[in-house]
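Data block below; observations after.
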Amino acid sequence: MKVENPLFWALIVSVAFMGACKAKPLDEPTSYLGDDPRLAKDEQFPFHRIWLKPDWNAPSRRSIVVPPVHTAHVKESGWWAKANLKGDQAKMAEDLQNLAEYTRDEVVKAFRKDDRFEVVDTPRSDSLVFELALVDVVPNKAALGALGLAASVVAAPAGAAIAAEEGAKGSVAIEGRIRDARAGEIVGMWADREKGKFGPINLRRATWYGEAHKIVQEWASQWVKIANAEPGEKIKDTRTFTLMPW
């Protein structure tokens, strides 16, 4: 049977890539968390590295504070040092700050929709402080994103179309600490890096930080699930593939 519809072929190729690997961890630990030996891969959780004290979310801890997200460590990354994709450094710094604010807002919003922790602005004796740092941000290449989008719709599954799609992906790396507000003790740490999803049509890739916003939303959702998980319950990772265009 011969199928002429190019969108059909784009879908077939995309499905073939459903098992593609997610973003690799950062090559070197950042100065935010450092090389803490407690941090390791744990198949129970969907992150590259994580450590949680067994009682980190004990019932006595009833509220959570999310301070502003750190961004200074992004400037330590190799990409930032070489980047000149959007023009001057002031504009890039503004974009980064906007992404940091978006990250905090999404985490706060996710926890406010849930009833495990009350979100508060000032730490209380029953609070956890959810400290976050963006440590690497690679924006989407908007022009390549538009090219990859067009290629998916009008072309048969050719290597050039796949390369355009893959080259357009942005990525984000984050690290975090969970601190007991009363004792000041760190009761959790985590680090993860994600890149844009593969799919036949991905409208997020046509904007500079569309993929980053989606990744941040998924991290926030995963942490709400972790906060409510039973001991030993596995929290699934997100898929590398999507049929959704946004």
Of Asp121, Asp105, the only residue that is part of a helix (DSSP H, G or I), open to solvent by 80 Å² or more (accessible area, probe 1.4 Å) and either at pLDDT 95 or above or under 21 Å from Asp237 (Cα atoms) (or both) is Asp105
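Every residue, every condition in (1) surrounded by fewer than 20 Cβ atoms within 10 Å (Cβ to Cβ); (2) of a type in the set (A, V, I, L, M); (3) part of a helix (DSSP H, G or I); (4) modelled with pLDDT under 90, yes or no:
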| residue | (1), (2), (3), (4) |
| --- | --- |
| Met189 | no, yes, no, no |
| Gln217 | yes, no, yes, no |
| Ser221 | yes, no, yes, no |
| Leu243 | yes, yes, no, yes |
Selection over the stretch 35-73 where residues are without any contact (Cβ under 8 Å) to a residue 60 or more places away in the chain, open to solvent by less than 70 Å² (accessible area, probe 1.4 Å) and part of a loop (DSSP other than H, G, I, E, B) yields a count of 2
Among (1) modelled with pLDDT of 85 or more; (2) open to solvent by 40 Å² or more (accessible area, probe 1.4 Å), Lys86 falls short only on (1)
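Results for (1) of a type outside the set (A, V, I, L, M); (2) modelled with pLDDT under 95, shown as yes or no for each residue.
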{"site": "Met18", "(1), (2)": "no, yes"}
{"site": "Leu33", "(1), (2)": "no, yes"}
{"site": "Ile50", "(1), (2)": "no, no"}
{"site": "Asp55", "(1), (2)": "yes, yes"}
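The values are calculated or read from the model by the stated rules, or taken from the named source; none is laboratory data. Since the model is a prediction, treat every value here as computed from it, not as a measurement. Heads up, the Cβs are rebuilt from the backbone with ideal geometry, glycines too, and the neighbour counts pull from every protein chain shown. Remember, those area values only see protein heavy atoms, side chains included, never the ligands or the DNA or RNA. Shrake-Rupley method; radii C 1.70, N 1.55, O 1.52, S 1.80 Å.
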